[in-house]
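None of the figures in this text is laboratory data; all of them are computed from the coordinates on show. Predicted, not measured: the structure shown is a model, and the values here were computed from it. Cβ coordinates were reconstructed from backbone atoms using ideal geometry, including for glycine residues, and neighbour counts include every protein chain displayed.
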Amino acid sequence: MIDNKSIIKKIDKLNFSKTTFEVSIDDNENIIDTLSIEKTKSDENGNVLFEFKEIWNEYGKIIKQTYYRDTKDLFYQKTDYKTKSIDFGSEYQTFVNKENIIDKAQMVTFEPDNVDTIFMKYNYSYNSKGKKESLAVVSIYDSINSINFTKYNKNEKAEIRYQIIDNDTLEKSKIKYLKGKIIESTHEYKEPFRIEVYYYDNNKNVKSRKIFKKENDSLKKSFEYIYENNDLRNPEKIIIKDFEKDTIVKRKLITANNNGYDK
């Protein structure tokens with residue numbers, strides 16, 4: 001099992017390569033408030049190795065630090081929640097074997113009077129040609145069985161996902177591709193029931209997102225997010241339509257770049 005600490009130490013020495021501010025704006029694009037700040041570190045090939053994100057909302061603040069391997073796999077994430085009444089957090093790690101394939105993970109949650117650890121095992125299945133067919137991430141905590149199941153298509157891209165706890169399906173997802181590129185993903189959640197549909201452009205960027213809720217045994221569109229991307233494939237503006245309150249909120253992303261892989 002490869003040690004994550006040495007990779008984290010190496011990434012920590014890098015400079016930040018990009019900073020993005022997400023702000024709310026009025027109809028004249030004047031800034032109303034700062035909603036989040038995200039800083040990233042990338043390697044010389046442009047692969048993101050680290051993200052630091054700070055988010056503010058009505059309940060308090062969330063700080064999330066995420067590390068990636070050069071294979072783009074997330075291997076360490078620390079999340080801190082700071083509210084008016086309580087502070088808590090979590091640490092999630094994945095571990096790879098000698099073949100550089102993730103085979104284990106663990107989640108540690110921190111509360112003022114309690115610390116819990118959940119261990120996860122990655123079980124893969126392959127077809128006769130050695131291509132990945134499925135992945136089942138299995139964990140047991142306090143006699144509760146949890147399975148995150150992913151089925152892959154012939155190109156080894158995720159096609160169907162399920163989150164199952166004690167034989168109860170809490171989330172299911174379906175992903176569509178066209179000529180090898182993702183074009184749509186649909187996610188259905190049990191509690192509270194909702195369906196979220198993401199649509200992607202030719203550069204694999206999310207161009208819109210729709211949220212549906214159930215009302216009188218029928219689906220009703222609750223929210224719609226529209227992402228306006230610039231030529232650099234980064235979201236530049238987000239328009240949020242709230243159909244329940246009949247309001248429209250606009251957000252803008254302001255990005256500053258610098259070269260981060262030369263120390």
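With r defined as the distance between the Cβ atoms of residue 3 and residue 125 and R0 fixed at 22 Å, what FRET efficiency is calculated, to the nearest 0.05? For residue 3 and residue 125, the calculated efficiency is 0.20.
Could you tell me which trypsin sites (Lys or Arg not before Pro) in segment 1-49 are loop residues by DSSP with no more than 11 other beta carbons within 10 angstrom of their beta carbon? Loop-located and lightly packed - 13. For the pair residue 84 and residue 43, the difference between a 0.36 nm per residue extended length and the Cα-Cα distance amounts to 11.0 nm.
Taking θ as phi - 60° and the Karplus parameters 6.51, -1.76 and 1.60, the scalar couplings of segment 53-66 work out to 10, 10, 10, 10, 8, 5, 8, x, 9, 10, 10, 10, 10, 10 Hz in sequence order, x denoting glycine and proline.
Once you reduce segment 48-65 and segment 71-87 to the center of their Cα atoms, the two points are 8 Å from each other.
Phi-derived couplings, Karplus 6.51 cos²θ - 1.76 cosθ + 1.60 at θ = phi - 60°, listed residue by residue for segment 242-253: 9, 7, 6, 9, 6, 10, 10, 10, 10, 10, 10, 10 Hz, with x used for Gly and Pro. Over segment 4-257, the fraction of Cα-Cα pairs per 5 Å bin, rounded to whole percents and listed from the shortest bin up, is 1, 5, 9, 12, 16, 19, 18, 12, 6, 2, 1, 0. Quotient of the Cα radius of gyration of segment 26-104 and 2.2 N^0.38 Å, N being its number of residues: 1.43. For the set 82/157; 104/151; 13/104; 179/237; 41/181; 10/64, the pairs lying more than 30 angstrom apart at their alpha carbons are 82/157.
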